[in-house]
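Read the structure below first, then the notes.
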Amino acid sequence: MPVGGNKQAPVITELEEAIVVSPLSGREWDVSGATSRMLESRVLTDYGSAGFARIAALEGGESLEYCYGCGKCVPVCPVDLVSEYGPRKIHRRVQTGLDLFRSDELWMCTTCGNCLRVCPKQVNMIEVMPAVREVAMADGTIPEELQQVMEKTFRYGNALGENPRRRHAWTKGADVEVRVLANDPRPVDVLFYVEDYWSYHPRGQQAAQAFARILTSLDVDFAILGSEEKTLGDSQRLAGEKGLFESLMEQVVEVLSKYQFNRIVTPDPHGFNALRKIYPKYGHDYEAMHYSQLLASMIDRIEFQGTLDAKVTFHDPCYLGRHNGEYEAPRKLLEAIPGVELLEMGRCRENSYCCGGGGGGMWLDGFNSNHASERLSERRVREAAETGADILAVACPYEVSRFEDAAKSTGNEHLRVMDIAEMLDIAMRAQDWRI
Amino acid sequence: MHIVVAMRQLADLVEELEVNGDGTDIDRDFVKFVSNEWDEAALEEALTIKDESAASVTVVALDEPDVDQTLYAALAKGADRAVKLTGHDPSAWVRTRERAQRIASFLAHEEFDLVLTGVQAADDLDGQLAGILGSTLDIPHAAVVVGVELTGSSLRVAQELGGGLVGVSELELPAVLGVQAARQAPRYASITRIRQAMQTQKIEEQEVSLEVTTPQVTVRRLYPPEKQGGATMLTGSAKDVATEIVNILRSKGLV
Ligand SMILES: Cc1cc2nc3c(=O)[nH]c(=O)nc-3n(C[C@H](O)[C@H](O)[C@H](O)COP(=O)(O)OP(=O)(O)OC[C@H]3O[C@@H](n4cnc5c(N)ncnc54)[C@H](O)[C@@H]3O)c2cc1C
Ligand code: SF4
Ligand code: SF4
């Protein structure tokens, strides 16, 4: 696939006329117009270190200045591929005077983690960006789209600004009983943490309903928090709202303390990441699983009444794969569905291409579109379509809507986007996936 | 320069509002309350003036559900002082006239140059607070203000008039303004900041007792608008639906 977008042509700085004189022999060389830029004298100490010092002073901001310009991050950064943003460029631009705290680039990193995977200096954008964003937010410098999401999350406990009391409205269409702990507080095995997009987005609700049916058919003892559930807010944290994350965490922990359960199972890799990696740092330890892990552990018990005859490709969510090392569970589920032929995209597993939704990107579509030649989701959908797949399977609630929109805007309407839970449910009940 | 911003709470429309048992008010027990959007614009205008000149900003609100959140957010955004007025039933609907009376009796003990409030509130759309405050305090007032410019001891304000006109006038200070829009969108108070404000700053409480009772409007009946006409849902493919819409528009002589 060609490198897309707003790439600038390199600027050639060779001098039209240049003579190099050897300091030893005094011999002269005419190198006019020659292609070696090293011959132009340059001073390496021209740049002040103040820009880095301000960032390095923040907790998490230390590593930006470690960059030694090797460029390994350039081809793996999903944003760099469609714009003029990348870790190496950010390092360089801060060096030459960019005020990252007030720049648009500050909001472009999706915290996908691919640069950190390859960076020999462990420049950690997943910590640098949120740290700088937090300061920018405290100063009130925040894209308006994102501001609205933060205010909604603070007010309603969900990023969509939906009525908190309708958080479990989706259960009505599940055709199975879904226990809400507030009504029936008996101890439960699996606490199904539905999270925002499965609770409120119409396509997410369908996946939630499918998952509830699967759990019921597997006799899993499960329940939800209903209107007491609030988002775990991991993407809000990475977008710079640590205060909001902490305030949500206090409320979540208080609600969880009322009930007895063995483990928390969530469809949202972002929430999963919060429970696994961030909550323990604050002393809150829960056994957390991604729904694909729970189902993969019970795969032998799943009975398929029908088949799902389709070529399928799978998009690894950054926060399930790269951030938490889970590549197998979703594939195990897909491979178990009779009729599914799994095709891998060029970028998969550790090198999976980000959908653009992480780290606040989910809510910065308009803002970032000014800086990129195409949406990351659009690029990813084209990669998926190139495999010849009929279905793009996903395992993150952010993705169905992102990829469905992208399939339309890139002229790939034939590519269906489905959550793995929906696919399992269809094959288990012998439904036709085409309808 | 001391600017006082009067703010208020109202029912959040994310909730489905229900009429209470006697059919005279919304059922306030089950709704969330948020600050009035126009008051947020008034606060933003005050803070912008503060950024330009060394003004101090006091935010005042009647005790109403979730009002602390609004006041702390205002402090986090840069207000210097937050005052909560008590002495009324915090769960009841306080009408504009009484609200003005209460705020005026607070202002009677304050030295101030400018009072800003939202042009109206989204629930009663009454739009009279700035006017009544102005007349009670016997100072100039302007409503539907979309621009404020300080010119020494007076104030130049732009007001949105009918028919897309904007009128500019000069007012002597002190004055009261009902703000329609601030120069910029309301700024963001990060939750970290709001939490800091909660820990480090205090909301001042002042009890207001009104000697003279204000004339009250009594609500006889509150009800959702009665259904009129109906909507027709068109079904079929996008193409069929589009053709059908064109036919309807043609038949009504609209296109
Ligand atoms: C981002 C960046 C910008 C810079 N800009 C400037 C500048 O503008 N001006 C300037 O004067 N200096 C600059 N420098 C510094 C300059 O490039 C280095 O000081 C210089 O290249 C060092 O040369 P070297 O031959 O000692 O090592 P290197 O250039 O590192 O070369 C070592 C070579 O040995 C090879 N090698 C290593 N181990 C083995 C092995 N076991 N067997 C075989 N081969 C091996 C490596 O692959 C490599 O090719 C810059 C450095 C960096 C990182
Ligand atoms: S985390 Fe991802 S998006 Fe951010 S700089 Fe690294 S590779 Fe790019
Ligand atoms: S991989 Fe790391 S060291 Fe190399 S250019 Fe990128 S950020 Fe710098």
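The values are calculated or read from the model by the stated rules, or taken from the named source; none is laboratory data. Please read these numbers as outputs of a predicted model, since none were measured by experiment. Counting neighbours? That spans all protein chains shown, and the Cβs are built from the backbone with ideal geometry, glycine included.
Restricting to region A:158-203, what's the tally of residues that are under 20 Å from the mean Cα position of the chain (by Cα) and within 30 Å of B:ARG187 (Cα to Cα)?
Within region A:158-203, residues that are under 20 Å from the mean Cα position of the chain (by Cα) and within 30 Å of B:ARG187 (Cα to Cα) number 9.
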If the requirement is being under 25 Å from B:LEU155 (Cβ atoms) and touching a strand residue (DSSP E or B) at 6+ places or on another chain (Cβ under 6 Å), which of these qualifies: B:VAL67, B:VAL60? B:VAL60
From the set of residues in region A:66-124 that are among the β-branched types (Val, Ile, Thr) and more than 13 Å from ligand 2 (Cβ to nearest atom), which is modelled with the highest pLDDT? A:VAL94
Do we have B:LEU129 as modelled with pLDDT of 95 or more, within 13 Å of the chain's Cα centre (by Cα) and closer than 20 Å to B:PRO186 by Cα here? no
B:GLN199 fails exactly one of (1) touching a residue at least 24 places away in the same chain (Cβ under 8 Å); (2) within 14 Å of chain A (Cβ to nearest Cβ), namely (1)
On the basis of being in a strand (DSSP E or B), out of contact with any Ser or Thr (no Cβ under 9 Å at 6 or more places or on another chain) and on the phi > 0 side of the Ramachandran plot, does B:VAL144 make the cut? yes
Cβ-Cβ under 8 Å pairs, at least 6 apart or on other chains, region B:22-35 side more than 14 Å from every other protein chain (Cβ to nearest Cβ), far side among the hydroxyl-bearing types (Ser, Thr, Tyr): B:GLY23/B:TYR223; B:ARG28/B:SER91
Mind listing just one residue for me: the one in region A:226-253 that is in contact with a helix residue (DSSP H, G or I) (Cβ under 6 Å, 6 or more places away or on another chain) and among the aliphatic types (A, V, I, L, M) and, of those, nearest to A:ASP300 (Cα to Cα)? A:LEU232
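For the structure I just gave you, tell me whether A:GLN122 is surrounded by fewer than 17 Cβ atoms within 10 Å (Cβ to Cβ), over 17 Å from the mean Cα position of the chain (by Cα) and within 14 Å of ligand 3 (Cβ to nearest atom).
It is true that A:GLN122 is surrounded by fewer than 17 Cβ atoms within 10 Å (Cβ to Cβ), over 17 Å from the mean Cα position of the chain (by Cα) and within 14 Å of ligand 3 (Cβ to nearest atom).
Each row is one residue, and each column tells you yes or no for (1) surrounded by fewer than 18 Cβ atoms within 10 Å (Cβ to Cβ); (2) more than 20 Å from B:GLU40 (Cα to Cα).
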| position | (1), (2) |
| --- | --- |
| B:THR96 | no, no |
| B:ILE103 | no, no |
| B:GLY118 | no, no |
| B:LEU125 | yes, no |
| B:PRO140 | no, yes |
I'd like to verify a number: residues in region A:131-187 that are assigned to a helix (DSSP H, G or I) and either within 11 Å of another protein chain (Cβ to nearest Cβ) or not small (Gly, Ala, Ser) (or both), how many? 26
Looking at (1) within 14 Å of chain B (Cβ to nearest Cβ); (2) outside any helix (DSSP H, G or I); (3) out of contact with any Pro (no Cβ under 8 Å at 6 or more places or on another chain); (4) more than 22 Å from A:ASP419 (Cα to Cα), which is the one condition that is false for A:THR231? (4)
